[in-house]
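Notes for the one structure printed next.
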Amino acid sequence: MTCVLCGRGFDPEDEVMTCPDCGLDGTLDVTYDYESAAEKLNQNVLARDPRRDLWRYREVLPVIEEGSIPALDVGWTPLYGSDRLAGEYGVREVWVKDDGRNPTGSLKDRASAVGVAKALDTQQKVVSCASTGNAASSLAGFAATAGLSSVIFVPETAPSAKVAQLLVYGAEVVLVRGGYEKAFDLATEAIATWGWYNRNCAINPYLVEGKKTCAMEVAEQLNWDLPDTVFVSVGDGCIISGVYKGFLDLLRLGITDRIPRIVGVQAEGAAPIWKAFREKARRVQFGPARTVADSISVGAPRNWAKALRAVRESFGEMVTVTDSEILSAIPELARATGVFGEPAGVTGFAGFRKMARQGMLGKNERVAVIVTGNGLKDIEGAKKSVSEPLVVDPDLDQLKSALGDRLGI
Ligand SMILES: Cc1ncc(COP(=O)(O)O)c(C=O)c1O
């Protein structure tokens, strides 16, 4: 493992999660012996592999024991092509990766699968994390199937569906007043106090490894003909770091020959990584966080170094979108593709739409949009994006008049 800031190297046996010299900002990159991995992981082997989950990329995942792999199916989520969206926005192709189809409803399951496997590998009994909600519900689900206990810290304001998921999976749930930042700080102290296994994605370097499989799948599902540009929503910066790492590992394995341009999309009210990118800053300054997209309502992103690198090294871009652009993206994406995303889940799509409308995408461009979380996770958010349903007595005349007004019939 290598520190993303100072380049210091570590062995897995060192049992560090971040660089002791750089503190929490010094997140670690996990690397492999790519030459030997490439003998077992290449296009031919993958074409014959019947396994339809993220473990098909196991040669470049940090799990040792086969028996540690959780029983839940994770990954190999659908990638839908949409001619309608491509036509509407004047690009050659639009691909929508529906990661809300993972077992607990978000892309975070990729990280939790690896995190829980790693916890079992190292004989841990209790796993813990702070999260805006999805990493939490995901960890709780995977911990439950693996017979581990979980202690979860989420903001008091987390959507109730996510909190319900946590409780159903049997997690010890701590709702923290004061937002995600406070939940993160308290979780960090509690983990240090009680010695639990840390599943905070920006801290535990193995988790981005799970997330990278999303990018690997996009590449493989497109028959290794990579998209030009990939859009992804950004909060803490772990997903975007994972997307970059997935494309980078494919390149290192010699399976592909380039990295797509990665565009990170933040909500206007919580955009510290966007700001640092725009200002060409070396570091991200923490700032306010206010957005309808609770999962990316992050003012103090912990994986900023890897996130900035993902955008810069892929010659990508950062954009912001307003809350109303996020909300209107929910029904638009659902109606065009059938994919119902939560607000943060469709923020990548909202960013695509904005860049396309501003003429920042070419007509030959092939675009992939990652939908990171299922719409049922945040029903209140979804309801803000649509009109009210009709309420009528069971009476045809009343229906005719109500429908007539509505549909003009
Ligand atoms: C649905 C969804 N989208 C996007 C994100 C942002 O991911 P990250 O915090 O890794 O940038 C999250 C994080 O919780 C999420 O749950």
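The values are calculated or read from the model by the stated rules, or taken from the named source; none is laboratory data. What you are looking at is a predicted structure, and each value in this text was computed from that prediction instead of being measured. Neighbour counts are summed over all protein chains in view; Cβ atoms, including those assigned to glycine, are modelled from backbone coordinates with ideal geometry.
Points worth noting:
- Among residues of the range 253-264 that are among the polar types (S, T, N, Q), those with a Cβ under 7 angstrom from a residue that is at pLDDT 95 or above and surrounded by 17 or more Cβ atoms within 10 Å (Cβ to Cβ), sequence gap 6+ or separate chain, pair up as Thr256/Ala219; Thr256/Leu226; Thr256/Leu250.
- Qualifying helices (runs of 4 or more DSSP H) (wholly inside the range 236-340; at least 2 residues being buried (at least 18 other Cβ atoms within 10 Å of the Cβ) and among the acidic types (Asp, Glu)): 323-337
- Among all positions in the range 101-111, there is at least one residue which is more than 12 Å from the ligand (Cβ to nearest atom) and out of contact with any Gly (no Cβ under 9 Å at 6 or more places or on another chain).
- Filter result (within 19 Å of Lys118 (Cβ to Cβ) and not hydroxyl-bearing (Ser, Thr, Tyr)) within the range 20-60: Leu28, Asp29, Val30, Asp33, Ala37, Asp53, Leu54, Trp55, Arg56, Arg58, Glu59, Val60
- Residue in the range 127-136 that is aliphatic (A, V, I, L, M), under 20 Å from Glu65 (Cβ atoms) and either surrounded by fewer than 20 Cβ atoms within 10 Å (Cβ to Cβ) or out of contact with any Cys (no Cβ under 9 Å at 6 or more places or on another chain) (or both) present: yes
- For the range 362-409, a residue qualifies if it is hydrophobic (A, V, I, L, M, F, W, C) and either touching a Pro at 6+ places or on another chain (Cβ under 9 Å) or part of a helix (DSSP H, G or I) (or both), and the qualifying residues are Val367, Ala368, Leu376, Ile379, Ala382, Val386, Leu396, Leu399, Ala402, Leu403, Leu407.
- Counted residues, the range 189-218 - those being in contact with a helix residue (DSSP H, G or I) (Cβ under 6 Å, 6 or more places away or on another chain) and either acidic (Asp, Glu) or more than 16 Å from the ligand (Cβ to nearest atom) (or both): 3
- Residue within the range 21-31 that is closer than 17 Å to Glu209 by Cβ, out of contact with any Cys (no Cβ under 9 Å at 6 or more places or on another chain) and either among the β-branched types (Val, Ile, Thr) or free of Cβ contacts under 8 Å to residues at least 12 places away in the same chain (or both) present: yes
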